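Asker: Here it is, the structure in full.
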Amino acid sequence: MLLLLTALVAVSLVSLLIGAGSVGPGRALSLLSGAQDSEAHFIVWELRAPRTLIGIVVGMALGVAGALLQAVARNPLAEPGLLGVSAGAAFAVALALVLGASAATLRISVAQLGALVGCVCVLSVARFRGVGNDPIRLVLAGAAFSGLLASLTSLILLYDQRAADEIRFWVIGSLAGRRLDDLFAVLPSMLVASVVVALIARPLAALALGERVASGLGHHPNLIRWLVIACVALLVGAATAIAGPIAFVGLVVPFVARALAGPDIRRTLWFCLPIGPLIVLAADIISRVVVAPSELPLGVLTALCGAPVLIAVVRARRLPML
């Protein structure tokens, strides 16, 4: 954990130093050392610093949401992006933008509602006989649900060309151009979700042993599931509202966290907190420099990096069932 926190601090510093603009690492480092440079001050503190903070929060939210979703679905392939939860949030925001919603708080509420609907649909599919016990079938069902929502979003793009550029952001996912006001708008819902997660961590660990064991220990499995659904909707909806849908983070982060912390969901959640921001910020830094002076969308880069992890999990001889 100490090494992960040190790496996160280092990556956050690199995120302040490196970008696609004219302010290079040397000028940014001089500014941080106390030099006077108005252009560098604007680039570093007004653009890169909010982007870095938002990347940290989004990474935490998606990592924890992925771990919760995998635990409640008892499926190592359950991930908000793969199963349509992020797509539900993105579609809801796109629809709200076409209907004229502009307030940040309204977009956040709409995104969380869309994520909630997507999460309920996914876990309802997981309860079907023969689907929830087969990780591949659940992913296929989620892919079909995501494809449906992507098609509906494309129809919205064709319907309203004026909002096409703004909606396209929610389809791809990016941290570019985000402001601290957007972050402050989602913090209350994320804090509520964090408190609930802290309260249900122990019951969720008992649920991993089976419903009968959890019931015998005095917990209520159905209540735990609904609380997890609510937390996932709050976290994924908030992250999507400020950064758009970023795929595979909710898959890679719990996968790495379990490799380091073991199967206990409580330890896994703790390890997701630094690993999520570490992965998101590292991917964001690469997206700034790989096609400089332009930027590669963050959602595209995380998909390119996360797809091999998905293939590795699928090809494993024994999937690490939760």
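The values are calculated or read from the model by the stated rules, or taken from the named source; none is laboratory data. These numbers were taken from a predicted model, which means no experiment stands behind them. No Cβ is skipped: glycine too gets one built from the backbone with ideal geometry, and neighbour counts run over all protein chains shown. These area figures cover heavy atoms from the full protein model, side chains too; ligands, DNA and RNA do not enter into them. Shrake-Rupley method; radii C 1.70, N 1.55, O 1.52, S 1.80 Å.
Asker: Just need a number here: residues in segment 281-301 that are surrounded by 16 or more Cβ atoms within 10 Å (Cβ to Cβ), at pLDDT below 85 and either of a type in the set (S, T, N, Q) or within 13 Å of the chain's Cα centre (by Cα) (or both).
Answerer: Number satisfying all stated conditions: 1.
Asker: If you don't mind, another one. Sort through Val197, Val213 and tell me the only one that's under 19 Å from the mean Cα position of the chain (by Cα) and open to solvent by less than 80 Å² (accessible area, probe 1.4 Å).
Answerer: Val197
Asker: As an exercise: evaluate Leu273 against (1) open to solvent by less than 50 Å² (accessible area, probe 1.4 Å); (2) in contact (Cβ under 8 Å) with a residue 24 or more places away in the chain; (3) within 17 Å of the chain's Cα centre (by Cα) and give the number of the one condition it does not meet.
Answerer: For Leu273, the exception is condition (1).
Asker: Every residue in segment 124-182 that is within 19 Å of the chain's Cα centre (by Cα), at pLDDT below 70, open to solvent by less than 30 Å² (accessible area, probe 1.4 Å) and not β-branched (Val, Ile, Thr), please.
Answerer: The answer is Trp170, and nothing else.
Asker: Against the definition (of a type outside the set (A, V, I, L, M) and crowded, with 16+ Cβ neighbours inside 10 Å), how does Pro188 come out, yes or no?
Answerer: So Pro188 fails the test.
Asker: Select the helices (runs of 4 or more DSSP H) contained entirely in segment 196-280, then report the ones holding at least 1 residues which are modelled with pLDDT of 90 or more.
Answerer: Qualifying helices (runs of 4 or more DSSP H): 221-243, 249-261.
Asker: Now, a different point. Which residues, taken from segment 200-210, are buried (at least 18 other Cβ atoms within 10 Å of the Cβ) and touching a residue at least 60 places away in the same chain (Cβ under 8 Å)?
Answerer: Ala201, Leu204, Ala205, Leu207
Asker: Do we have Val11 as within 28 Å of Ala257 (Cα to Cα) and either open to solvent by less than 50 Å² (accessible area, probe 1.4 Å) or at pLDDT below 85 (or both) here?
Answerer: Criteria met by Val11.
Asker: I've got another one for you. Would you mind finding the one in Val93, Val57 that is assigned to a helix (DSSP H, G or I), open to solvent by 20 Å² or more (accessible area, probe 1.4 Å) and out of contact with any Ser or Thr (no Cβ under 6 Å at 6 or more places or on another chain)?
Answerer: Values: Val93 fails: open to solvent by 20 Å² or more (accessible area, probe 1.4 Å).
Matching residue, one of Val93, Val57: Val57.
Asker: Still on this structure: Condition (residue is of a type in the set (Gly, Ala, Ser) and more than 15 Å from Ala247 (Cα to Cα)) applied to segment 44-62: is it met by at least one residue?
Answerer: Yes, there is a match, as at least one residue in segment 44-62 is of a type in the set (Gly, Ala, Ser) and more than 15 Å from Ala247 (Cα to Cα).
Asker: In addition: When residues of segment 212-230 are filtered for being under 23 Å from Leu116 (Cβ atoms) and charged (D, E, K, R), how many remain? Let's see the steps before the verdict.
Answerer: Initial filter on segment 212-230 (under 23 Å from Leu116 (Cβ atoms)): 219-230.
Next, from what is left, pick out any that are charged (D, E, K, R): 225.
Going through segment 212-230 one residue at a time, the tally reaches 1.
Asker: Check Ile108 against each of (1) open to solvent by less than 20 Å² (accessible area, probe 1.4 Å); (2) at pLDDT 80 or above; (3) of a type outside the set (Phe, Trp, Tyr) and name the one condition it does not meet.
Answerer: All conditions pass for Ile108, except number (2).
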